[in-house]
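What follows is calculated from the coordinates using simple rules that are stated; it is not laboratory data. Keep in mind that this is a model prediction, so the values were computed, not measured. We place every Cβ from the backbone using ideal geometry, glycine too, and count neighbours over all the protein chains shown.
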Amino acid sequence: MINVSFEQIQSLIEIQDLFEPVKQSFIDYNSSRLIGIPIHLLHFPNNSDAHIKTAAIDGYPYFSIKVATMFPNNLKQNKSPNNGSIFLFDANTGELKAILDDKGTLTDLRTAAAVGIITNVVASQQSNAVSVIGTGIQAYHQVLALSKLRVITSLVIYGRNKNNAILLKNKLEKKLQNISITIANSVEEAVKTTTIILTTTSSKTPLIKGEWLQKGQHITAVGADDTFKKELDIDCFKKADMVFVDSLDLNSKYGEYSTALKSLPQLKNKTIEFGKAFSDNTYSGDSNKITIAKLVGLGTQDLAAATLVMNKLA
């Protein structure tokens with residue numbers, strides 16, 4: 001059994017390394033190879049939580065259990081709010097083979113990789129004006145991931161804390177060239193001035209209204225990954241021509257899709273899972289449609305990312 005340190009993982013993995021493994025993990029999720037991906041959520045005071053995600057896929061050398069935690073008050077003690085580890089077990093013997101002390105970084109990177117690849121497939125190829133709602137580490141990684149897959153000509157940032165929005169702007173300007181980056185004064189302004197919208201918040205009340213959306217716009221929403229969080233109102237789903245989800249089963253239980261589904265049972269008729277979209281290769285962006293991609297996060301993504309780390313160590 002080996003311990004893989006945070007520093008090792010950082011030195012081994014770049015976000016673009018995860019595009020193909022994460023894409024394949026969604027295809028595997030939709031296949032007969034899937035054994036299971038149970039999820040457990042723990043909620044604590046002060047908006048803290050722990051997500052426990054497992055995954056087993058026939059043919060993989062390992063199965064995985066990931067614990068990812070988010071404790072916002074850690075910032076007051078100059079500690080990272082995000083922590084976690086991935087445990088890998090031998091798929092043939094059940095023996096513990098590795099503990100990846102990634103402190104949540106693989107979750108950040110695999111989520112951003114998923115955002116990049118689904119957004120690039122679903123959003124109109126003419127769309128290059130992007131906005132990001134939220135100013136945390138996910139906002140940073142998601143913009144970088146998308147920029148490696150398509151040209152972004154302009155970026156609009158909105159955050160409740162303007163100082164954090166400025167910090168994110170400065171950080172991204174060091175990484176991205178020839179992109180105009182501005183800060184919006186409201187969510188509505190950010191949505192109405194861009195064609196691709198990325199949402200990365202832990203809001204418990206909807207931030208984006210369907211009445212703001214126009215044909216040709218695409219939203220990728222990742223923040224609402226439990227039973228309490230919501231970033232999009234029901235009208236967003238009502239107005240969308242197509243909705244893409246990482247898992248129909250899990251989105252029916254968690255996030256704002258589950259809320260919308262209770263009021264709009266016909267929503268399933270225009271919903272497609274990522275794995276099908278990737279394996280069919282028949283879906284491409286349409287400038288005359290409104291599309292939404294909704295993620296709650298799958299254990300298969302963690303398994304794919306952790307397996308990649310092990311392969312790079314071999």
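List the residues whose amide H sits under 5 Å from the amide H of THR227, counting only those 5 or more places along or on another chain, with H placed 1.01 Å from N in the peptide plane.
HN-HN under 5 Å from THR227: GLY255.
For the peptides 200-211, 128-139, 86-97, 237-248, what is the packing order when you average, over each peptide's residues, the other Cβ atoms within 10 Å and list the highest mean first? Intermediate results must be reported in sequence, preceding the final value.
On the way: 200-211: 18.2, 128-139: 23.3, 86-97: 15.8, 237-248: 20.0.
With the highest mean Cβ count within 10 Å placed first, the list reads 128-139, 237-248, 200-211, 86-97.
What do you get for Rg/Rh over the stretch 60-202 if you use C-alpha atoms and the Kirkwood form of Rh? Provide the component values of the computation, followed by the final result.
Values: Rg = 17.5 Å, Rh = 16.7 Å.
With Rg and the Kirkwood Rh in hand, the quotient comes to 1.05.
Modelling each spin label as a point 7 Å along the Cα-to-Cβ direction, I'd like the LYS268/LEU42 distance in nm, to one decimal.
For the pair LYS268/LEU42, the computed spacing is 3.3 nm.
Evaluate 2.2 N^0.38 Å with N set to the residue count of the stretch 122-189, then give the Cα radius of gyration divided by it.
Details: Rg = 11.3 Å, N = 68, 2.2 N^0.38 = 10.9 Å.
After normalising by residue count via 2.2 N^0.38 Å, the value is 1.03.
Report the Cα centroid-to-centroid distance between the stretch 5-20 and the stretch 144-212 in angstrom, as an integer.
The two parts, judged by their Cα centres, are 24 Å apart.
Just the ratio, please: alpha-carbon radius of gyration of the chain over 2.2 N^0.38 Å, N its number of residues. Before the final figure, lay out each step's value.
Details: Rg = 18.5 Å, N = 314, 2.2 N^0.38 = 19.6 Å.
Its radius of gyration relative to the 2.2 N^0.38 Å reference: 0.95.
Using 0.36 nm times the number of residues separating LEU149 and LYS169, minus their current alpha carbon distance, what extension gain do you get? Don't skip to the answer; put the middle values down first.
Values: separation 20, 0.36 × 20 = 7.20 nm, distance 2.00 nm.
That pair, LEU149 and LYS169, stretches by 5.2 nm at full extension.
If the chain between ARG33 and ALA314 were fully stretched, how many nm would it gain, using 0.36 nm times the residue separation less the Cα-Cα distance?
Values: separation 281, 0.36 × 281 = 101.16 nm, distance 2.47 nm.
This chain segment gains 98.7 nm when fully extended.
Kindly write out, for the stretch 42-48 in residue order, the coupling ³J(HN,Hα) from the Karplus curve 6.51 cos²θ - 1.76 cosθ + 1.60 (θ = phi - 60°), rounded to whole Hz, with x marking Gly and Pro.
Those phi angles translate into 10, 10, 10, x, 6, 6, 8 Hz.
Once fully extended, how much extra length lies between SER80 and THR205, figured as 0.36 nm per residue of separation less the alpha-carbon to alpha-carbon distance?
On the way: separation 125, 0.36 × 125 = 45.00 nm, distance 2.49 nm.
Once the chain is fully extended between SER80 and THR205, it gains 42.5 nm.
Taking Cα pairs under 8 Å and at least six residues apart, what relative contact order does the stretch 142-294 come out at, in percent? Before the final figure, lay out each step's value.
On the way: 249 pairs, mean separation 31.7, N = 153.
It rounds to 21 percent for the stretch 142-294.
In terms of the ratio Rg/(2.2 N^0.38 Å) built on C-alpha atoms, what value belongs to the stretch 66-120? Don't skip to the answer; put the middle values down first.
Numbers: Rg = 14.5 Å, N = 55, 2.2 N^0.38 = 10.1 Å.
Here the Cα radius of gyration is 1.44 times the empirical estimate.
Would you mind calculating the relative contact order of the stretch 129-210 from Cα pairs under 8 angstrom and at least 6 residues apart, reporting the percent as a whole number?
On the way: 120 pairs, mean separation 35.9, N = 82.
Relative CO of the stretch 129-210 lands at 44 percent.
Given the pairs LYS174/LYS215; LYS229/LYS270; LYS162/LYS238, which are separated by over 27 angstrom at their Cα positions?
Values: LYS174/LYS215 33 Å; LYS229/LYS270 23 Å; LYS162/LYS238 31 Å.
Over 27 Å apart, Cα to Cα: LYS174/LYS215; LYS162/LYS238.
How large is the dipole of the stretch 160-283 about the Cα centre if only Lys and Arg carry +1 and Asp and Glu carry -1, each at its Cβ, rounded to the nearest 20 debye?
My answer is approximately 320 debye.
Is there a quick way to get the dipole size of the chain? I mean about its Cα centre, with the Cβ of Lys and Arg at +1 and of Asp and Glu at -1; what is the value in debye to the nearest 20?
Its charge dipole is roughly 760 debye.
Considering all alpha-carbon pairs of the stretch 122-298, what whole percent are spaced by more than 24 angstrom? Don't jump to the answer; show the numbers that get you there.
Values: 4935 of 15576 pairs.
Value for the stretch 122-298: 32 percent of Cα pairs lie more than 24 Å apart.
Cut-off under 18 Å on the C-alpha distance; same-chain residues fewer than 8 positions from LYS97 excluded. Which aspartates and glutamates are left, in chain and number order?
Cα-Cα hits under 18 Å: ASP58, ASP302.
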